[in-house]
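Trainee: Below is one structure. I have some questions about it.
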Amino acid sequence: MEDSIRFRHCDKPTLKPKLGTVKGVIPSWLKGSLIRNGSGIRHVGNETYDHLFDGLAVIHRFYINNGQVTYNSRQLDSECYNRAMAAQRIVISEFGTLGMPDPCDTYFAKFKSLFIAGEEKPVDDDISDNCGVNVGFYGDQLYAMTETVFTRRINPETLETIGERTRIRDYVTVNSATAHPHVLEDGTMLNMGSNYRHNKGPHYCIIQVPPSYDSEETAYKGAKILAEIPCSSKLYPSYYHSFGMTEDKIIFIEQPFYISIPRFMVSQYIRTKTIKECLVWQPNTKTKFHVVCRKTGQIHPILYETDDLFTFHHANAYEEDGNLIVDVTGFDDANVLANL
């Protein structure tokens, strides 16, 4: 894909649905909406987001009915968006782009907040709610998702942002969650998140969220932790973007691409590194496959290992002839992330 397409700047919303031109024939019985999101607004003032993942989120909707298609779009009304627009600069850091919430903050002030009670800003002020990775229904509630502790509810027709951001850790003890949950037959959502403050060291957590219908309250109100998998290293938990699932098993890949907790902690107070720069690839380290019972949350006693690999997405997982088959898009290393 050309850079001119990947990094295009989409700052003009299409609030009124626009009728598209159809080439060929769309079956008359086909009806519904395709809603997607992604990085859209690449520039704020004189500043530019540095990574493909980072631009401010835009929500897109294609509505198909009677052989015709309409399109509308709207920027996500996030804290990231509103603060950036007000300041006309990048305020909140993203995956590969450094933001500066308060340019008057000094290194001394950052360190001072470590030691003096009451000096520190609310801990979530500088965490991104720029939910531009994926969208999904939790019952009848549509959410835009990213990989932080925040998610945003969206109106599925107008694409307006509904209410305040949902902070997932208000309902389950995690510091992050993926944007690629799995939906079960009854509408229940299963997702993966990380708890870096577990009393026994960092854990990978499986989150279960029941479907919510005709409710103003967030679907996460009924969320619970189904299982907790201890990280192999207390200072270097694995980065992951997705996970696999069969009819009765959950597959989590602990790959040798780690979040350096020491780097991350320092970067929170001396704002010199992005999340991307806190990630470390460890070659010649085994990739571990954790298997969990989907119904009970029991962790399988056997830990499966293979050579080092990096993956973003699980394509499929199933059981056949007593074997567990897991399809992923695998790379020899994590360089693909730096090239986006």
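Computed from the coordinates by the stated procedures, all read-outs in this text should not be read as laboratory data. All figures in this text were calculated on a predicted structure; none of them were measured in a lab. Note: ideal-geometry Cβ built from the backbone for every residue, glycine included; neighbour counts use all protein chains shown.
Trainee: Condition check: touching a Lys or Arg at 6+ places or on another chain (Cβ under 6 Å), in a strand (DSSP E or B) and hydroxyl-bearing (Ser, Thr, Tyr). Does Tyr143 satisfy that?
Mentor: Here the answer is yes, as Tyr143 does meet what is asked.
Trainee: Report, ordered by the first and then the second residue, all pairs with beta carbons closer than 9 Å, sequence separation of six or more or different chains, a first member in the stretch 66-91 that is farther than 22 Å from Arg153 by Cβ, and a second member that is assigned to a loop (DSSP other than H, G, I, E, B) and among the acidic types (Asp, Glu).
Mentor: Ile90/Asp54; Val91/Asp102; Val91/Asp126
Trainee: For the stretch 207-223, state whether one or more residues are in contact with a Cys (Cβ under 7 Å, 6 or more places away or on another chain), buried (at least 18 other Cβ atoms within 10 Å of the Cβ) and within 25 Å of Lys276 (Cα to Cα).
Mentor: No; the residues of the stretch 207-223 include none that is in contact with a Cys (Cβ under 7 Å, 6 or more places away or on another chain), buried (at least 18 other Cβ atoms within 10 Å of the Cβ) and within 25 Å of Lys276 (Cα to Cα).
Trainee: Could you list, in sequence order, the residues of the stretch 205-216 that are closer than 15 Å to Val149 by Cβ and not aliphatic (A, V, I, L, M)?
Mentor: Of the residues in the stretch 205-216, the ones closer than 15 Å to Val149 by Cβ are 205, 207, 209.
If the condition is that a residue be closer than 15 Å to Val149 by Cβ and not aliphatic (A, V, I, L, M), then Cys205 is the only one that fits.
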